[in-house]
Amino acid sequence: MKDDQSLDRIVLNPKIMVGKPVIRGTRLTVDFIPNLLTHGATQKDILEEYRGLTEDDIRACFLFATKALKETEFMPLGAEPI
């Protein structure tokens, strides 16, 4: 699946979850899926719990997050001035 097609699965609407990016047709935020995986859920667990989701939806969350992080500038916290 091409990136554009995958990102079409993610929508931003100020009327849904206060404008946070969500998986199209749901109220599941993009950050919710990686958080579940980080806390021990498997992809299979997620797909069983949220019946309307697909593997492509999960991949789209990671693609969205990857692209968002690529475009973000970071400044180390607590770094000593040079």
Within the stretch 27-82, considering residues that are aromatic (F, W, Y) and surrounded by 12 or more Cβ atoms within 10 Å (Cβ to Cβ), the one nearest to L12 (Cα to Cα): F64
Long-range neighbours under 8 Å by Cβ, at least six apart or interchain, first residue more than 14 Å from F64 (Cα to Cα) within the stretch 10-35, second loosely packed, with under 14 Cβ neighbours inside 10 Å and among the basic types (K, R): I16/R27; M17/R27
Inter-residue pairs, beta-carbon under 7 Å, first free of Cβ contacts under 8 Å to residues at least 60 places away in the same chain and aliphatic (A, V, I, L, M) and in the stretch 40-56, second in a helix (DSSP H, G or I) and surrounded by 11 or more Cβ atoms within 10 Å (Cβ to Cβ), 6+ apart: I46/I33; I46/L36; I46/I58; L53/I46; L53/L47
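Residues are listed down the side, and each one gets a yes or a no for (1) modelled with pLDDT of 95 or more; (2) not acidic (D, E):
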| residue | (1), (2) |
| --- | --- |
| Q5 | no, yes |
| L37 | yes, yes |
| I46 | yes, yes |
| A65 | no, yes |
| E73 | no, no |
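The values are calculated or read from the model by the stated rules, or taken from the named source; none is laboratory data. Here the structure is a predicted model, which is why all the values come from computation and not from measurement. Every residue, glycine among them, receives a Cβ derived from its backbone with ideal geometry; neighbour counts consider all protein chains shown.
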